[in-house]
Amino acid sequence: MIVWLKQRDGSCVRLVDEWKPRIRIGGEWDDLIDLQPFIPSCTLIEKFERAGDESRSKVLEVEVNNETEAQTLGRQILRHGGYSKFRIYDVDVPSTQMYLYHNDLFPLAFVEADASHGRVKWAVKDSRETIDYELPTLRSLRLEITTEKMYRVSSFEDELDLIKIRADDDTVIFDSGSELDKLHKLVEAFREIDPDLVMTEGGDSFIFPYLARRAQHHRILHEMVLGRENSPLRVYEVQGHSYF
């Protein structure tokens, strides 16, 4: 898990924690014992399995590499038990969310972190129940684009017409040069501003998929990094047509 911390002076620190998500399997004792050879990496632990339980129960815990592996394994276990023997927990919780639960963290919490030997130990110096709390100074950026529509609705085939970026009280507009120039200017602006928050209207549904498609069209998809991590935008192949 990669975690970014915002320090009091406004700088950011990148931490890497060798943590993996876990799923839990509940069921009758004999069924859990029979299931163990089917999942070599599992261990038996004690948990309050259901709301209202007065005592802990034995459940199996399995460490997985990612959410996709968790969901695949969960389906295999349910099928193995005839969809009646086992109860699967935490299989559909995003790993980023599970990381917060596992470490008793919450967004914007004031914390101390001790990173050593690939692991991070957390000490929360804050309470989620606090009313009068200190907020970090976050840099926000608002991103807007317009396209040269070939039809009545925007599509991934339209050329990029204009990019507008608003950060603090400054507004920058990229409306000259080729489409390739505008994409390069966008990447450079994100690198210079280094925002903590990016605000859009329809960003996930159109803006970012559209930018990825246009970058792929110009063969610069590997350069479309709009964040602190060196992870470019991705193109998701979908069947049929999407209308916005």
Report, ordered by chain and residue number, the lysines lying within cross-link reach of LYS58, taken as a straight Cα distance under 16 Å and ignoring same-chain residues fewer than 8 apart. LYS47, LYS85
Using Cα atoms only, what is the angle between the long axis of helix 67-80 and the major principal axis of the chain, expressed in degrees (0 to 90) to the nearest 10? 40
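Give me the dipole magnitude in Debye, nearest 20, for the range 140-223 about the Cα centre, with unit charges on the beta carbon: positive for Lys and Arg, negative for Asp and Glu.
320
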Sum of -39500 (n - 2.57) over DSSP H runs of 4+, divided by residues of the chain (222 nm, nearest 500): -6500 deg cm²/dmol
Using Cα atoms only, what is the angle between the long axis of helix 179-193 and the major principal axis of the chain, expressed in degrees (0 to 90) to the nearest 10? 60
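List the chymotrypsin sites (Phe, Trp or Tyr not before Pro) in the range 121-161 that DSSP assigns to loop (not H, G, I, E or B) and whose Cβ has at most 11 other Cβ atoms within 10 Å. Which are they?
Passing both the DSSP loop test and the Cβ count: TYR151.
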The range 140-223: Kirkwood hydrodynamic radius (Cα pairs, Å) comes out at 13.2
Would you mind checking which residues have amide H under 5 Å from VAL120's amide H? H placed 1.01 Å from N; only 5 or more apart, or other chain. GLU18
Nearest 0.05, what FRET efficiency do ALA115 and LYS164 give at R0 = 30 Å with Cβ-Cβ as r? 0.20
Give a quick list of GluC sites (Glu not before Pro) in the range 156-206 that DSSP marks as loop, anything other than H, G, I, E or B, with at most 11 other Cβ atoms within 10 Å. GLU201
Given the candidates PRO107, VAL187, GLY27, the one whose Cα lies deepest towards the positive end of the charge dipole of the chain, counting +1 at each Lys or Arg C-beta and -1 at each Asp or Glu C-beta, is GLY27
For the range 142-206, run through the trypsin sites (Lys or Arg not before Pro) and keep only the ones in DSSP coil with at most 13 other Cβ atoms within 10 Å of their Cβ. LYS149, ARG152
For ASP104 and SER84, FRET efficiency with R0 = 45 Å and r from the beta-carbon atoms, rounded to 0.05? 0.85
Identify all lysines with a Cα-Cα distance to LYS182 below 23 Å; exclude those on the same chain that are fewer than 8 residues away in sequence. LYS149, LYS164
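What dipole magnitude, in Debye to the nearest 20, does the range 37-190 give about its Cα centre under +1 on Lys/Arg Cβ and -1 on Asp/Glu Cβ?
Dipole about the Cα centre, nearest 20: 860 debye.
Throughout, read-outs are computed from the coordinates displayed, never taken from laboratory work. No experiment lies behind these values; they were computed from the predicted model shown. FYI the Cβ positions are ideal-geometry reconstructions off the backbone, even for glycines, and counts take in every protein chain you see.
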